[in-house]
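Q: Before anything else, here's the structure in question.
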Amino acid sequence: MSESTASSATAAMARASTLANYVALTKPKQTALLLATAIGAYVLTASPELDWTRGAIGILALGLAVSGCTVLNMVLDRDIDAMMGRTATRPLPGGDIDVRTATLVGMVLSVAGVVIAAFFSLTFWVIVGSGLFFDLIVYTMWLKRRTPLSILFGGVSGGMPALAGRALALGHIDVVGILLAAGVVLWIPSHILTLALRYEADYAEADVPVWPRIYGADATRRVIAVATLLAAIVLMAAGVLERVAPPALVLLGVLGAAICGLAAYGLVRPSERTNWLLFKGASAYMLGAFVCLTFGAIL
């Protein structure tokens, strides 16, 4: 290999690494899961006469807003991330990306998403903007470092993509949209609090008042179990009201029973392994639930 070829290959690898770092700032798995709830809510509502262009651009706007908000959260939380072993290697605490550049990227993505959302309807714009407000201002900037109850208020932002997808198709907020959003909000404890249980020592090192540190592990597991049960009930109610196909509704019930059973087992027989299985299973359940609702509307 010639020197010029080697230099080109090295430059290409550096660019790919930089791009990967910027993608990592958006937490792609988490963002993808939130967008999946929005897509599911849109298809559930708009089928069988789907406006693919409207749906694609609306989801793009939402994706830009969610990604930008996540990047800005990473900027604000970089000091916390640097103190925790789980997050110390993220691009900002690891020094792979400049803070000013990351801030600019987060702001551009967020503003672009909100601006595009404004072209659809006032309702859609308000929902997208509210998601940013609750996540960035209420949760990250105000409550996260002050109280474990931050999850209750910050969790509202997690339900906004599903509500936005519904409103994108319907033009307004209705009971089913609220139920879809509530299902995601109630699912969040099984996603966030299981992590808090697993990495309680890390959060203590960073002095973040997560639920297990303040209220104890048993109380945390009870919250997870109750919230998981309520999430399954609420999403099932949304499916019934939307009259999705019976096979999809049955499968949705089976998935709900499975995740509730795992949460109950974790409450009765707590262990690190069960807690981690619940963390993994919670994401699979949420994705599976919205797949059931989506295809149940199409069938």
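Q: Could you tell me the calculated FRET efficiency between Asp218 and Ser130, based on Cβ-Cβ distance and R0 = 30 angstrom, to the nearest 0.05?
A: Plugging the Cβ-Cβ distance into 1/(1 + (r/R0)^6) gives 0.35.
Q: Specify the inter-centroid distance of region 129-147 and region 43-91, based on alpha-carbon positions, in whole Å.
A: Measuring centre to centre over Cα atoms gives 15 Å.
Q: Remind me, relative contact order of the chain in percent, using alpha carbon pairs under 8 angstrom and six or more residues apart?
A: Relative contact order, the chain: 20 percent.
Q: Most fluctuating residue of Phe153, Phe133, Phe119 in a GNM of the chain with Cα springs under 10 Å: which is it?
A: Maximum fluctuation in the GNM of the chain, among the listed residues, is at Phe119.
Q: Of Asp98, Asp202, Asp77, which has the largest mean-square fluctuation in a 10 Å C-alpha GNM of the chain?
A: Asp98
Q: Across region 198-203, in residue order, what do the Karplus-derived ³J(HN,Hα) couplings come to in whole Hz, using 6.51 cos²θ - 1.76 cosθ + 1.60 with θ = phi - 60° and x for Gly and Pro?
A: Per residue, the Karplus-derived 3J(HN,Hα) values read 5, 10, 4, 5, 4, 5 Hz.
Q: Once the piece of chain linking Leu104 and Val226 is laid out straight, how much longer is it, given 0.36 nm per residue of separation minus the C-alpha distance between them?
A: Gain in length upon complete extension: 39.9 nm.
Q: If each residue's Cβ is checked for other Cβ atoms within 10 Å, how do Lys29, Lys280, Lys144 rank with the fewest at the top?
A: Lys29, Lys280, Lys144
Q: If you don't mind, there's one more thing I want to ask. Starting from the Cα of Met141, step 7 Å along the direction of its Cβ; do the same at Tyr22; then give the gap between the two resulting points in nm.
A: 2.4
Q: List the relative contact order of region 160-222 as a percent without decimals, with contacts defined as Cα pairs under 8 Å and 6+ residues apart.
A: With pairs under 8 Å counted, the relative contact order is 22 percent.
Q: A further question on this structure: Gaussian network model of the chain, Cα springs within a sub-10 Å range: biggest mean-square fluctuation belongs to which of Ala204, Ala225, Ala65?
A: Checking each option, the largest mean-square fluctuation is seen for Ala204.
Q: Now for a different question. Going by C-beta contacts inside 10 Å, put Thr18, Thr140, Thr228 in order with the fewest on the left.
A: Thr18, Thr140, Thr228
Q: Going out from 0 in 5 Å bins, what whole percent of all Cα-Cα distances in region 30-124 drops into each bin?
A: In whole percents, the pair-distance histogram is 3, 13, 18, 19, 15, 11, 9, 7, 4, 1, 0.
Q: Another question about this same structure. Given the rule -39500 (n - 2.57) for each run of at least 4 DSSP H residues, summed and divided by the residues of the chain, what is its mean residue ellipticity at 222 nm, to the nearest 500 deg cm²/dmol?
A: -26500 deg cm²/dmol
Q: According to a simple spin-label model (label point 7 Å from Cα along Cα-to-Cβ), what is the distance in nm between Val111 and His172?
A: A separation of 3.4 nm, rounded to one decimal place.
Q: Starting at the first residue of region 219-227, write each ³J(HN,Hα) from the Karplus equation 6.51 cos²θ - 1.76 cosθ + 1.60 with θ = phi - 60°, in whole Hz, x for Gly and Pro.
A: 4, 5, 5, 5, 4, 4, 5, 5, 5
Q: Through the Karplus equation 6.51 cos²θ - 1.76 cosθ + 1.60, θ set to phi - 60°, convert the phi angles of region 238-251 into ³J(HN,Hα) values in whole Hz; use x for Gly and Pro.
A: 5, x, 5, 5, 7, 6, 6, 4, x, x, 5, 5, 5, 5
Q: Continuing with the same structure: Once the piece of chain linking Trp276 and Ala201 is laid out straight, how much longer is it, given 0.36 nm per residue of separation minus the C-alpha distance between them?
A: Result for the pair: 25.4 nm of gain on full extension.
Q: Still on this structure: Sticking with the crude label model, points 7 Å out along Cα→Cβ, report the distance from Phe119 to Leu241 in nm, one decimal please.
A: Each label point is offset 7 Å from its Cα along the Cβ direction, giving 3.1 nm.
Q: Amide H of Leu149: which non-local residues (sequence gap of 5 or more, or other chain) have their own amide H closer than 5 Å, using H built in the peptide plane?
A: HN-HN under 5 Å from Leu149: empty list.
Read-outs: derived from the displayed coordinates by stated rules, not from any lab. Because the structure is predicted, anything quoted here is derived from the model rather than measured. Using ideal geometry, Cβ is built from the backbone for each residue, glycine included, and neighbour counts are taken over all protein chains shown.
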